[in-house]
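The values are calculated or read from the model by the stated rules, or taken from the named source; none is laboratory data. In this text, all values refer to a predicted model and were calculated from it rather than measured experimentally. No Cβ is skipped: glycine too gets one built from the backbone with ideal geometry, and neighbour counts run over all protein chains shown. The accessibility values were calculated without ligands, DNA or RNA, using every heavy atom of the protein model including side chains. Shrake-Rupley method; radii C 1.70, N 1.55, O 1.52, S 1.80 Å.
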Amino acid sequence: MEISRLDRVTAALRAQRMAGLALMPDANLTYLTGLTFHHGKRLTLAIFPADGSQPCFIIPALERDRVEASSSIVMRYFPWADADGPAEAARAGLAAALGPELRGRPMGVEYTALRVMELRGMEVAMPGIQVADATALLAELRMAKDAEELAIMEEAARIVEAGLSRTIAQIRAGMTERQLSKILSEEIMAAGGEGESFDNMVASGPNGANPHHSNSDRALTAGDLIIFDCGARYKGYISDITRTVALGEPDAEARAVYELVRRANEAGKAVARPEASGAEIDAAARQVIDAGGYGQYFIHRTGHGIGLEVHELPNIMAGSDEPLAPGTTFTIEPGIYIPGRLGVRIEDDMVITADGARSLTSMSRELLIIPA
């Protein structure tokens, strides 16, 4: 599987006339090698030549043994010690990776991830080196997931749903958002998560009107709608789910808003299929909320790609017109946010199949009312 990924990357690099690809520790390096790192301050740079020759890894000496034992692909290593610094290892690694026929071409890098430290390290090691943005190239290659990736993501979805269900069962009036958030984190880990996809969100009552609310000490009260936005990380991949529940009987407007969002979620799923675009899915969900008179309160895109990262391509929004291929994974998460009143969001993880789409998340979308 990993060789196939490398072949796809090198073919894309050649098509765009790039010399190779330089990756610092981040999701794309994990995608190609299976390796994970903390974002440290020691120069760590993997070079993948466009001619398909063996990748070269400029790496702190203290990481060499772990990385060589754990990498899913074979690489040439250029370790450096703290006492010596990375300059000589970087020169040797770049020279080994880029033969004379490649050196006149730009090096592909991730504009959204590469730091000045890595860029300066390459410039010192190979004066005159030019760089080009390979962010989109890599994102497009990662959009369609293979069977192994999908199996891992389904398990991540199962884990977060188990954790969220156990958390909802513990809701009591008077609890604070922070208390409930702590329970949610613990339950996700107890269900098998290797971590959370992101800091979970618990937004109650009027706090639900902020799509990116920061958990607070507000106490839950009868009549509240409570938004839970959370995910589980499993074998490097993530899930991302949002459910909205009621503590006690909600008022008529809250029920109406919830039903609109539920129908918008269904409408987005109904048009998801091979060759559909993110813009089409967004329009289908948005049309339901517009027709219900709450269009001005749907203030974000309908969804985003997911995988190794919480936000990947494709974007499920107006202007995202590229057709979606089988294996593409993304969220559908319409919402309505009324300032000072309430918020509702219902989010599912989706995958495009050969003849349609299916949801990786299965937790009920019907309004759950918790006794107050």
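Overview of values
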{"item": "Residue check for THR302: touching a residue at least 40 places away in the same chain (Cβ under 8 Å), open to solvent by less than 10 Å² (accessible area, probe 1.4 Å) and not hydrophobic (A, V, I, L, M, F, W, C)", "result": "no"}
{"item": "Inter-residue pairs, beta-carbon under 9 Å, first under 19 Å from SER204 (Cβ atoms) and hydrophobic (A, V, I, L, M, F, W, C) and in segment 343-372, second modelled with pLDDT under 95 and not in a strand (DSSP E or B), 6+ apart", "result": "none"}
{"item": "Residue that is closer than 21 Å to PRO100 by Cα and open to solvent by 50 Å² or more (accessible area, probe 1.4 Å), where the choices are ASP65, ASP51", "result": "ASP51"}
{"item": "Yes/no for ILE238 being open to solvent by 10 Å² or more (accessible area, probe 1.4 Å), among the β-branched types (Val, Ile, Thr) and over 30 Å from GLN296 (Cβ atoms)", "result": "no"}
{"item": "Exclusive hit being open to solvent by less than 60 Å² (accessible area, probe 1.4 Å), among the charged types (D, E, K, R) and free of Cβ contacts under 8 Å to residues at least 60 places away in the same chain, set GLU194, GLU187, GLU155", "result": "GLU187"}
{"item": "Among the residues listed as GLU309, GLU280, GLU249, GLU275, the single one being buried (at least 17 other Cβ atoms within 10 Å of the Cβ) and assigned to a loop (DSSP other than H, G, I, E, B)", "result": "GLU309"}
{"item": "Qualifying position, being within 28 Å of LEU308 (Cβ to Cβ) and not polar (S, T, N, Q), among ALA246, ALA252, ALA272", "result": "ALA272"}
{"item": "Segment 155-168, subset of a type in the set (A, V, I, L, M, F, W, C) and farther than 13 Å from ILE226 by Cα, residue farthest from the chain's Cα centre (by Cα)", "result": "ALA162"}
{"item": "Selection count, segment 322-372, where residues are over 18 Å from ALA283 (Cβ atoms), hydroxyl-bearing (Ser, Thr, Tyr) and either open to solvent by 40 Å² or more (accessible area, probe 1.4 Å) or not in a loop (DSSP other than H, G, I, E, B) (or both)", "result": "5"}
{"item": "Lone qualifier among ILE188, ILE129 - being farther than 15 Å from VAL351 by Cα, at pLDDT 95 or above and touching a strand residue (DSSP E or B) at 6+ places or on another chain (Cβ under 9 Å)", "result": "ILE188"}
{"item": "In segment 283-299, the residues that are in a loop (DSSP other than H, G, I, E, B) and either aromatic (Phe, Trp, Tyr) or surrounded by 22 or more Cβ atoms within 10 Å (Cβ to Cβ) (or both)", "result": "TYR294, PHE298"}
{"item": "Some residue of segment 149-163 being among the small types (Gly, Ala, Ser) and in a loop (DSSP other than H, G, I, E, B)", "result": "no"}
{"item": "Test set (1) under 23 Å from the mean Cα position of the chain (by Cα); (2) crowded, with 18+ Cβ neighbours inside 10 Å - ILE58 fails condition number", "result": "(1)"}
{"item": "Test set (1) in contact with a Leu (Cβ under 9 Å, 6 or more places away or on another chain); (2) farther than 27 Å from PHE298 by Cβ - ARG115 fails condition number", "result": "(1)"}
{"item": "Residue list for segment 164-183, filter: over 17 Å from ALA232 (Cβ atoms), open to solvent by 20 Å² or more (accessible area, probe 1.4 Å) and either among the acidic types (Asp, Glu) or assigned to a helix (DSSP H, G or I) (or both)", "result": "ARG178, GLN179"}
{"item": "Selected residue [out of contact with any Ser or Thr (no Cβ under 9 Å at 6 or more places or on another chain) and farther than 30 Å from MET201 by Cβ] from VAL109, VAL131", "result": "VAL131"}
{"item": "Selection count, segment 219-235, where residues are touching a Gly at 6+ places or on another chain (Cβ under 7 Å) and either part of a helix (DSSP H, G or I) or surrounded by fewer than 22 Cβ atoms within 10 Å (Cβ to Cβ) (or both)", "result": "5"}
{"item": "Qualifying position, being within 30 Å of ALA372 (Cβ to Cβ) and surrounded by 15 or more Cβ atoms within 10 Å (Cβ to Cβ), among VAL131, VAL202, VAL109", "result": "VAL202"}
{"item": "Subset tally (residues that are touching a helix residue (DSSP H, G or I) at 6+ places or on another chain (Cβ under 7 Å) and either farther than 18 Å from TYR297 by Cβ or without any contact (Cβ under 8 Å) to a residue 12 or more places away in the chain (or both)) for segment 328-342", "result": "2"}
